[in-house]
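Visitor: Take this structure, written in structure tokens, and hold onto it; I'll ask about it next.
The values are calculated or read from the model by the stated rules, or taken from the named source; none is laboratory data. Note that the coordinates shown come from a computational prediction; the quantities given were computed from them, not determined experimentally. FYI the Cβ positions are ideal-geometry reconstructions off the backbone, even for glycines, and counts take in every protein chain you see.
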Ligand code: SF4
């Protein structure tokens, strides 16, 4: 076990957890010193969910809790290290959930000296909305009724008006207020707009079930980070920037952002198209990275490429997409949304995708989940594939909470059930991300074996599959990348940093050493990652999730993908192996 003596000898408490009871408004701080608290991120959220949340509880009931954590290097100048992890039991999957976001909240928590914030208990339904306000000398629940029913963008403005600029805010949209399972948590970006989403798993509904409509971390305090070896830390910080700039993948994200994946996925036959029935879309170049880049540059105005969602970030994968007049239309637009709300609906107009993204953000829903649900709805005949106007009308139904909007906002699986669509792209009830699984058996294995439901960030095999359509060796490959991806989540670092340290974690572990004087070996760190995966799977088992839930719908096993002739041929036994930690 790493030596934590240095921590005990410091006068300042390093890892502080703030617990807030959402019924009484009472709060208390406690200090902790285990490795999970040192690492923060998903290591800590999943540790706490498994310790404190009954696996069989109602996700929207008083026994569920929401945990907000930052990571081991939060509050420092290390690139991309201020990620916010949010954990709890998911209403969408019925299992454990960690969803993370960029933005400013992780940093503001660090400035208040906090590693973790816990929202506990839940008032009766219909109780007045409250805002949690956290500052240097106060923790209080204040009236939040003035935010009720408003979109996320208006809420952002009202929160700035009331609490001032440069706070760290988390809020929900109308979808969250109405407990829809696709609702996410919107976090403040560097421009005081709640546009950075912890979107997956319906945690916005959990937040709302506690009658919390926003959480605001004031910018009134600045606990300076302490360093065991300040010079070594500075050198290590510079080293991370160098590694990110030299790495061919992360440096490409700097120019094009994640949109670079459109061409890659089209070439590999895994660009989800027409409700995941195809892996390529004709004219996909109309929504690729170069097209988006050219539009942003031509329109100018508020448009930006190489935009950072948090400070500091040497990659700056984000963007600001302008309308024809150069005014902000949507920020950011990510590959996952371009696929789920673009090719998956057979849309070929970047402005339409930006508009869909903007309305989804304002409604407070996960663009992946609702994009997958819209694909299902279009297969059911609610709109024609490729019909831009019909798609915008569908997402407006979500914003306006019409009956069909509530169904779409409940996610892909529920939409498919209600509309009688059998080809429903989800695992554990969570919509598939933007890689058509029959064309990439590595990603299929990752989706199938993920305790969070279908997700891509923690086991991203696509770039390393020699033969993507073959399942040979994919148990091992998925497991390898489950560890590589989970390392970043495990310590609250942006997942795109993984490209620079995938072969060698020591640059990040050296920073932990320089900050805390704690030696964590690669093996010890990976043990925490694997233990986290184990406890996540155990939580799900205790919640009643079985191996049979870790399957695609039958259509993926029965119907061949037209481009490759491939079906899903992965067995339950292979999935079980990929879940074995
Ligand atoms: S790489 Fe992108 S997502 Fe990650 S911290 Fe930087 S801007 Fe944010």
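Visitor: Yes or no: residue 576 touching a residue at least 24 places away in the same chain (Cβ under 8 Å), more than 30 Å from residue 230 (Cα to Cα) and assigned to a helix (DSSP H, G or I)?
Guide: yes
Visitor: Could you check residue 137 against (1) more than 16 Å from the ligand (Cβ to nearest atom); (2) at pLDDT 95 or above; (3) over 23 Å from residue 361 (Cα atoms) and say which number it fails?
Guide: (2)
Visitor: Criterion first (more than 15 Å from the ligand (Cβ to nearest atom) and modelled with pLDDT under 95) does residue 64 satisfy it?
Guide: no
Visitor: Out of the range 135-158, which residues are closer than 21 Å to residue 123 by Cβ, in contact with a strand residue (DSSP E or B) (Cβ under 8 Å, 6 or more places away or on another chain) and buried (at least 16 other Cβ atoms within 10 Å of the Cβ)?
Guide: Of everything in the range 135-158, those that are closer than 21 Å to residue 123 by Cβ, in contact with a strand residue (DSSP E or B) (Cβ under 8 Å, 6 or more places away or on another chain) and buried (at least 16 other Cβ atoms within 10 Å of the Cβ) turn out to be 139, 141, 144, 147, 155.
Visitor: Being more than 29 Å from residue 253 (Cα to Cα), modelled with pLDDT of 95 or more and not in a helix (DSSP H, G or I), is that true of even one residue in the range 357-380?
Guide: yes
Visitor: Restricting to helices (runs of 4 or more DSSP H) lying wholly in the range 216-305: which have 1 or more residues that are more than 16 Å from the ligand (Cβ to nearest atom) and in contact with a helix residue (DSSP H, G or I) (Cβ under 9 Å, 6 or more places away or on another chain)?
Guide: Because the criterion is at least 1 residues that are more than 16 Å from the ligand (Cβ to nearest atom) and in contact with a helix residue (DSSP H, G or I) (Cβ under 9 Å, 6 or more places away or on another chain), the helices (runs of 4 or more DSSP H) in the range 216-305 that meet it are 230-246, 261-267, 289-299.
Visitor: Failed condition for residue 309, given (1) within 13 Å of the ligand (Cβ to nearest atom); (2) touching a helix residue (DSSP H, G or I) at 6+ places or on another chain (Cβ under 7 Å); (3) not in a strand (DSSP E or B), with all others met?
Guide: (2)
Visitor: Condition check: more than 30 Å from residue 132 (Cβ to Cβ), more than 26 Å from the chain's Cα centre (by Cα) and either assigned by TED's automatic domain parsing to the domain that holds residue 384 or at pLDDT below 95 (or both). Does residue 304 satisfy that?
Guide: no
Visitor: Which strands (runs of 3 or more DSSP E) does the range 92-188 wholly contain that include 2 or more residues that are farther than 18 Å from residue 26 by Cβ, touching a residue at least 60 places away in the same chain (Cβ under 8 Å) and under 24 Å from the mean Cα position of the chain (by Cα)?
Guide: Hits in the range 92-188: 96-101, 168-171, 185-188.
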